[in-house]
């Protein structure tokens, strides 16, 4: 398996989709509709970014499978599957908030092989391969070495399901009194990338989907971080707790109290 070639496909796709999205960012929203709840939005920008990514993967990797947030995809005959989020942070995007990204990752039967998270607003490409480390624009990155929860900056996110939000609000209220502060920026993939490069000391979120976590999980493990599963209050959309090794046990115990 040529990991370099897989990573090149991931970064090329993420950059191309990010360019498409950036061209439209701040313009009139088109084709906006709802998904799981009235606050869970999708737009033509999501759909067009997805089409671009699926077409690019099909041309370079025709035998690979694809799983995408907006429902596009196909089965794999190669043993590899691409997991893509064509626009992570759709609500931010539609409200003109420059905190959104494109996430592209590929997995085999052993886990994530290569992945990229591209932030077009800052021209930042986070990338990683299994066993090859994690990088930000070709510079090696690593997770925070912080051990003290009281001085840790923690990221999180909230579900679109009101029932789940009620539980998450209770966890956030408890956590807020025990850490430096909490950030809820609105893009899980970017939150994970920021843990990988040390901008956040840790991150937790329940009720996530595979495309939310895909590239970010690989980035964090290759940057020396630790990830633990976090069961959702309802349903089966597994979440996670992620941080540097010295903070992890304390953060996980706090979130699970």
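The values are calculated or read from the model by the stated rules, or taken from the named source; none is laboratory data. None of the values given here were measured: they were computed from a predicted structure. For neighbour counting, all protein chains shown are included, and Cβ atoms are generated from backbone atoms with ideal geometry for every residue, glycine included.
Some points to look at:
- The set of residues in the range 188-223 that are in contact with a helix residue (DSSP H, G or I) (Cβ under 7 Å, 6 or more places away or on another chain) and either within 18 Å of residue 249 (Cβ to Cβ) or not in a helix (DSSP H, G or I) (or both) comprises 195, 200, 201, 202, 203, 204, 205, 206, 207, 208, 220, 223.
- Selection from the range 46-75 of residues that are in a loop (DSSP other than H, G, I, E, B), without any contact (Cβ under 8 Å) to a residue 40 or more places away in the chain and under 19 Å from residue 100 (Cα atoms): 70
- Residue in the range 244-251 that is crowded, with 19+ Cβ neighbours inside 10 Å, assigned to a loop (DSSP other than H, G, I, E, B), modelled with pLDDT of 95 or more and not assigned by TED's automatic domain parsing to the domain that holds residue 104 present: yes
- Filtering the range 129-157 to residues that are buried (at least 17 other Cβ atoms within 10 Å of the Cβ) and free of Cβ contacts under 8 Å to residues at least 40 places away in the same chain leaves only 135.
- Positions within the range 112-139 being assigned to a strand (DSSP E or B), in contact with a helix residue (DSSP H, G or I) (Cβ under 7 Å, 6 or more places away or on another chain) and under 15 Å from residue 18 (Cβ atoms), in sequence order: 115, 116, 117, 118, 119, 125, 126, 127
- Listed conditions (1) crowded, with 16+ Cβ neighbours inside 10 Å; (2) in contact with a strand residue (DSSP E or B) (Cβ under 8 Å, 6 or more places away or on another chain); (3) at pLDDT 95 or above are all met by residue 232, apart from (3).
- In this entry, residue 185 passes the filter for residues that are at pLDDT 95 or above, assigned to a loop (DSSP other than H, G, I, E, B) and more than 21 Å from residue 130 (Cα to Cα).
- Those residues of the range 186-201 which are in contact with a strand residue (DSSP E or B) (Cβ under 7 Å, 6 or more places away or on another chain), more than 17 Å from residue 231 (Cα to Cα) and touching a residue at least 40 places away in the same chain (Cβ under 8 Å), in sequence order: 187, 189, 190, 192, 193, 195, 196, 197, 200, 201
- Among residues of the range 159-182, those that are part of a loop (DSSP other than H, G, I, E, B), surrounded by fewer than 19 Cβ atoms within 10 Å (Cβ to Cβ) and touching a strand residue (DSSP E or B) at 6+ places or on another chain (Cβ under 8 Å), counted: 1
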